[in-house]
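Below is one structure; the comments refer to it alone.
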Amino acid sequence: MGKCNEPGVLLESDRFFNTPSAAASRLFYYITRCGHYFCTTEYNFTDDCEVARLPSHRNSMIYFVCSGSLYVENNGLSGIVQTGQAALIDCTQPHHYYARENSETLWMHLEGCNTKDFFTYIRSMYGGRIAFTPPSSQNTKTAMLQLINAFRLPGQMSEGEQSQRIHRLLCELIVLPRTSRQLEDNDAISQVIDYITQHLFEDLSVSDVAASVNLSSSHLSRLFKMRTGFSPHEYITLRRIDAAKELLLTTNLSVRQIAFRVGYHSEANFITSFSGKTGVTPAAFRRSPI
């Protein structure tokens, strides 16, 4: 841990350096330097200083503003990073940033794997803007704090875990805030799942389910597949089989009785469906549950 002597960086600030192992530098995402800064308006970093030429600096950098605001320029782009926003900076290109007011910031320089591809893609998702609001500012802040704080006690976080956390952080930045239409669609699917749960053992067609949320069968099927990975029919079938498994293991009901109990019209159809989804017959499952 090192206290900073940079102009405008207050004494309660922390900065850490990290040299990865040979394996991590080949295989993982890793941090080369990072910090938790409390800055005054004197803080002003330009890429013509000696630090900017160090290998640990010349990579991809993520900045998060906890409070205050930061002005950033990078390779022809510029913008103000407000409280709760992040900026991705390519430190191999011309860059300059400074505190516009007293600010608290989190920052880290990242290397490894496809970090640069992540940065390029994330920027494109936000229209090429240098500053953006993450889908969950609190999650971004927490993830960065955990990564930075791990350096206070060397060895607290393995290189493998650090790599996993960095990858998760980058992935979460990709998810754009949902539009109002997407939120409506997701709410409709939640209602559909509730409807299926309440009527699972009744005669239940896709058209019935779609009608419950005033959607066409085709539109519902498309949305449902996008949200759950299943078609509505397959989802109903799987939930009925789950219920049948519970009955097979906890009751003495016959296979025929269970078939009708979970919504099938014939024992044969139930056995065919159960075997197709689980790989064993209901009777075999009862003997040796999987």
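The values are calculated or read from the model by the stated rules, or taken from the named source; none is laboratory data. Being a predicted model, the structure only gives us computed values, none of them experimental. Positions of Cβ are generated from backbone atoms using ideal geometry, with glycine treated the same way; all protein chains shown enter the neighbour counts. When the accessible area is computed, the model is the full protein with side chains, heavy atoms only, and any ligands, DNA or RNA have been set aside. Shrake-Rupley method; radii C 1.70, N 1.55, O 1.52, S 1.80 Å.
Quick notes on this one:
- Highest to lowest packing among 133-145, 198-210, scored as the average C-beta count within 10 Å: 133-145, 198-210
- In Å², nearest 10: area of H219 left accessible to a 1.4 Å probe: 40 Å²
- Accessible area per residue, Å², the chain with all protein chains present, probe 1.4 Å: 51 Å²
- For R165, solvent-accessible area (1.4 Å; no DNA, RNA or ligand), Å²: 60 Å²
- Selection of trypsin sites (Lys or Arg not before Pro), region 1-51, meeting DSSP coil and at most 16 other Cβ within 10 Å: K3
- R168 - accessible surface, heavy atoms, 1.4 Å probe, Å² rounded to 10: 120 Å²
- Separation between Cα centres of region 237-290 and region 18-40, rounded to whole Å: 53 Å
- 15 Å beta-carbon shell around P282, net charge (K/R +1, D/E -1): +4
- Local net charge near F119, Cβ-Cβ under 12 Å (Lys/Arg +1, Asp/Glu -1): -1
- Of (1) 1.02; (2) 1.18; (3) 0.98, the label for Rg/Rh (Cα atoms, Kirkwood Rh) derived from the coordinates: (2)
- In percent, rounded to a whole number, the relative contact order of region 32-185 is 26, using alpha-carbon pairs under 8 Å and six or more apart.
- Considering only Y30, H57, L11, and ranking their Cα positions along the charge dipole of region 3-69 that arises from unit charges at the beta-carbon of Lys, Arg, Asp and Glu, the one farthest toward the positive end is Y30.
- Quotient of the Cα radius of gyration of region 1-114 and 2.2 N^0.38 Å, N being its number of residues: 1.03.
- What you get for the chain, charging only the Cβ of Lys and Arg (+1) and of Asp and Glu (-1), is a dipole of about 900 debye around the Cα centre.
- Exposure rank, largest accessible area first [E104, E12; 1.4 Å]: E12, E104
- Summing charges over all other residues whose Cβ lies under 13 Å from the Cβ of R26, with Lys and Arg as +1 and Asp and Glu as -1, gives -2.
- Percentage, to the nearest whole number, of Cα pairs in region 99-162 over 21 Å apart: 37 percent
- Principal axis extents of the Cα atoms in region 16-57, from largest to smallest and rounded to whole angstrom, are 40, 22, 12.
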